[in-house]
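This report concerns only the one structure given below.
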Amino acid sequence: MTSLSASPRGLGGDRTLALLAYTAVTALLLIFMRGFVADGPARLLAPVLFGAFLLSLLFAYQWRAAGWAKTLVFAVGIGFVLPFMGRDNTSYFDLVIQMLIFAALALGLNIVVGLAGLLDLGYIAFFAVGAYLWGVFGSPQLGAVTGNPVFANGVNPNLFWLFIPLGVLAAALVGVLIGLPVLKLKGDYLAIVTLGLGEVVRIFANNLDVTNGPQGITPIESAPVPWLNTLAQNLGFSEDQYRLFFLYFLVLVVIAVVILVNYRLDRSKIGRAWVAIREDEIAAQAMGVPLLRTKLLAFATGASFAGAMGVIFAAKQNFIDPKSFDYFQSIGVLSMVILGGMGNIAGVFLGAVVVTLLNLMVLPTLSEVLQQSFPNLNQNLDPSKYQRLIFGLVLVLMMLYRPEGLLPSARRKAEMHADEPAPDSLVTQNQLEGDTGSEVFSPGLSTMKENDRTGSER
Amino acid sequence: MDLQTVGNILLQVLVGGLSLGVLYAIVALGYTMVYGVLQLINFAHSEVFITGGIIAYLVFSGLQGVAMNGYVKLLLAGLAAMAVSGLLNVLIERLAYRPLRGAQRLVPLITAIGVSLVLQDLLRFLVGLRGQFDLSVPLPQGFANPITSVLGINISVLNLQVKDVILIVVAALMLVGLNLLVNHTRLGRAIRAVAHDRQTSGLMGIDANRIISLTFLIGGALGGLGGVMFAMKYQALNAYSGTVPGLKAFTAAVLGGIGNIPGAVLGGLVLGWLETLLGVISLFGSIPGLAWLGAIKAEYKDIGAFLALILILFLKPAGLLGKATTEKV
């Protein structure tokens, strides 16, 4: 794992050949071993092979290699290997789409936590807003609620395209509504209040008639795309995979937009204002950064990503219920941001992929193998039920041993090693008064002073 | 609905809210004491708390057939839970929080969230080894008996059970004991000194780390006792059921003014009453002119706690009994 932390530029030589060789070997292993790892204890190898292959995409991003080689690896990996595995085994499709959805969520939360330094523990609420928006309108639920037979199967599925931007708007609006009263608070108070508000959204979803309470909503439509279905058919996909085939490419497009927005914001005036607020609110205010407006913008931007992905999630799942949006899902997204490295797009992406892989592939595979080997195994020890353990271990171990994340951003890394030359970085030495002798720094987390209870807008 | 019924409901809310409120208060004390010395929301306290409930389950079900006075069983359960939860809390502080002493505030906070999740699944695993997930707590003989009359006065309208009275009495004893400990002993003075200014208290010869450990021990023991009370009151729990009461207890601590011990008790009581009232408020929908109250489902009572939290932070950020502080630049 040393290559993860090492600077891509510090490695010296060109790695084009190594990249191509690694990608070819892992891709071929993944494809040709797929029959061998399909059942029995050998199944445990499946996540290893898949993870090794996914690592090649990371290397293509990180390593110093020729541009054409990087493009080739991305094109073949995303355009061929992943859909091929998905065609062979639908669960790979499902997993990859889920990874990308979580990556978008993590990138949204990254703006709020990583850039603006506002710890939001109710982030999944915005995801729920998007999911329920399309869930209600794109399913028979709309007919049931309005009593209008025109909507017996929801609105026209083509309106799915309209509901993605609507999901963005609705989530951003909810972000502003939630943000307005709570953004005056700081640090741990903001955390606990956002946690509470996230629960409020879930409790409403669990009790309102519109959301059909704990039974949830099903079946949820997705946009009809006949030409893509024909393409999928010609490529040998089965009919029940058409929807995933479409959503896979849709999610790729959306995530490209999300990354672009993230990247541009990070380097914009707004992005610098967020970082300034994170580092020192009072100094930022003194420099003319409007606190509330800038924070609201961070909240709304982060929320809007979740809203868009919520709409897609509802279409992918075909079924949503309040359980998908409880508090520990918010913590799950947070653990992705923390694992990868706050403030760094590639890091956050890596975190989302690793945590999702652990939760949705490693744990279930482990539990299936265990159940095959020991049919009498106690149901309560089923590893697939221990997702919280993964989230929790990620958070604790990262905070204790590597608070800057697996792939810290350049700015963050410079902060961590303040003694090395770092021309364009802010050196964070502003620790608590009275706390001396500590070596622990956490860039990316707002610095707190004693008695910081509420905002400084007085 | 006549005035008599309204009065009866309100009386039940008063008493039911009291037993819920003191439960929140005991748990809130663990949050508020830790916050006092470390300025950290100890998210793992909700698991320390539910550990006490699981211990109570183990003791009560282990002694189910044994002919023994119910109060002795309760004493055993309480002592075991206080010991285990207190030590667990000390262990958490030692392993997860102490290495982060001096880090920026959100670092230990995120660690605490992580510890809470890890503990949830560890507890689930330990309970799962016995082949269980949802635990149903057998109460000692007579604890669930209704109390119908006191001193010849018929109080059956209060819906009071023996266990409610036990809960209120035990909680009151604990609160008085804690008050004595914090305000009238050397240890209590040391705790207050560390909470006030850790560095200066070090200069005065106080071993801050030891005091912090002891604070975690006391807070954890109170949490464990709260868990026993929770198990007794609801008789059903699992490894995950600490989260929501824990969150509300923290809300209670903030409501009263975090770091403030009487504040935690006041906050717990307010929250207990508010929640119990919201649970039955839809009954008042039959009163003419108040029909809209009928739409408030009992499930929404959880929302009340969080809205109260936002409201109090908005209007009086230091809490009901807290002192306002100004920000130093």
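The values are calculated or read from the model by the stated rules, or taken from the named source; none is laboratory data. If you're wondering where the values come from, they're calculated on a predicted model, not measured in any experiment. Ideal geometry is used to build each Cβ from the backbone, glycine not excepted, and the neighbour counts take in all protein chains shown.
A few points about this structure:
- Any hit, the range B:304-316, residues being surrounded by 20 or more Cβ atoms within 10 Å (Cβ to Cβ), among the aromatic types (F, W, Y) and under 14 Å from the mean Cα position of the chain (by Cα): no
- Any hit, the range B:313-325, residues being within 30 Å of B:F125 (Cβ to Cβ), in contact (Cβ under 8 Å) with a residue 24 or more places away in the chain and within 12 Å of chain A (Cβ to nearest Cβ): no
- Within the range A:234-243, none of the residues are modelled with pLDDT under 90, touching a strand residue (DSSP E or B) at 6+ places or on another chain (Cβ under 8 Å) and in a loop (DSSP other than H, G, I, E, B).
- In the range B:170-199, residue nearest to B:A25 (Cα to Cα) [restricted to those that are within 14 Å of chain A (Cβ to nearest Cβ) and surrounded by 13 or more Cβ atoms within 10 Å (Cβ to Cβ)]: B:A195
- Residue pairs meeting the criteria (Cβ under 8 Å; at least 6 apart or on separate chains; first within 18 Å of A:A131 (Cα to Cα), in the range A:217-244; second assigned to a loop (DSSP other than H, G, I, E, B) and at pLDDT below 85): A:E221/A:N153
- Some residue of the range B:289-297 being within 24 Å of B:S19 (Cα to Cα), surrounded by fewer than 22 Cβ atoms within 10 Å (Cβ to Cβ), within 14 Å of another protein chain (Cβ to nearest Cβ) and among the charged types (D, E, K, R): yes
- Put simply, of B:A231, B:A305, B:A252, B:A264 the only residue that is at the interface with chain A (Cβ under 10 Å from one of its Cβ atoms) and either of a type in the set (A, V, I, L, M) or part of a loop (DSSP other than H, G, I, E, B) (or both) is B:A305.
- Residues that are in contact with a Gly (Cβ under 7 Å, 6 or more places away or on another chain) and closer than 20 Å to B:L76 by Cα within the range B:19-54 comprise B:L23, B:I26, B:V27, B:V48, B:F49, B:I50, B:T51, B:G52, B:G53, listed in sequence order.
- Screening B:G279 against (1) surrounded by fewer than 18 Cβ atoms within 10 Å (Cβ to Cβ); (2) touching a Gly at 6+ places or on another chain (Cβ under 9 Å) leaves a single unmet condition, (1).
- Taking residues in the range A:373-385 that are more than 11 Å from chain B (Cβ to nearest Cβ), and partners anywhere that are surrounded by 12 or more Cβ atoms within 10 Å (Cβ to Cβ) and assigned to a helix (DSSP H, G or I), the pairs with Cβ atoms closer than 8 Å and at least 6 places apart or on different chains are A:S384/A:L363; A:S384/A:P364; A:S384/A:L366; A:S384/A:S367.
- Boolean, B:I218 is in a helix (DSSP H, G or I) and of a type in the set (V, I, T): yes
- Criterion applied to B:Q132, B:Q120 was being more than 24 Å from B:F216 (Cβ to Cβ) and at the interface with another protein chain (Cβ under 8 Å from one of its Cβ atoms), and the one residue passing it is B:Q132.
- Of all residues in the range A:250-275, those satisfying the criterion of being among the small types (G, A, S) and assigned to a helix (DSSP H, G or I) are A:A256, A:G271, A:A273.
- Any hit, the range B:62-85, residues being among the β-branched types (V, I, T) and buried (at least 23 other Cβ atoms within 10 Å of the Cβ): no
- Hits in the range A:327-343 - residues which are in contact with an Asp or Glu (Cβ under 8 Å, 6 or more places away or on another chain) and surrounded by fewer than 24 Cβ atoms within 10 Å (Cβ to Cβ): A:Y327
- Test: residue in the range B:135-144 that is touching a residue at least 12 places away in the same chain (Cβ under 8 Å), within 30 Å of A:I338 (Cβ to Cβ) and touching a helix residue (DSSP H, G or I) at 6+ places or on another chain (Cβ under 6 Å): no
- Whichever residue in the range A:22-47 is surrounded by fewer than 17 Cβ atoms within 10 Å (Cβ to Cβ) and β-branched (V, I, T) and, among such residues, is farthest from A:Y61 (Cα to Cα): A:I31
- Within the range A:14-39, residues that are under 11 Å from A:M85 (Cα atoms) reach partners that are among the aromatic types (F, W, Y) and in a helix (DSSP H, G or I) with beta carbons closer than 7 Å, at six or more positions or on different chains, in the pairs A:A27/A:F53; A:L30/A:F50; A:L30/A:F53; A:I31/A:F84.
- Boolean, B:A103 is under 30 Å from A:A191 (Cα atoms), at the interface with another protein chain (Cβ under 10 Å from one of its Cβ atoms), aliphatic (A, V, I, L, M) and within 24 Å of the chain's Cα centre (by Cα): no
- Residues satisfying the stated conditions in the range A:170-213, i.e. more than 10 Å from chain B (Cβ to nearest Cβ), in a helix (DSSP H, G or I) and either surrounded by fewer than 18 Cβ atoms within 10 Å (Cβ to Cβ) or among the acidic types (D, E) (or both): A:L173, A:V176, A:L177, A:L180
- Subset tally (residues that are buried (at least 19 other Cβ atoms within 10 Å of the Cβ), within 18 Å of A:G302 (Cβ to Cβ) and free of Cβ contacts under 8 Å to residues at least 40 places away in the same chain) for the range A:271-288: 2
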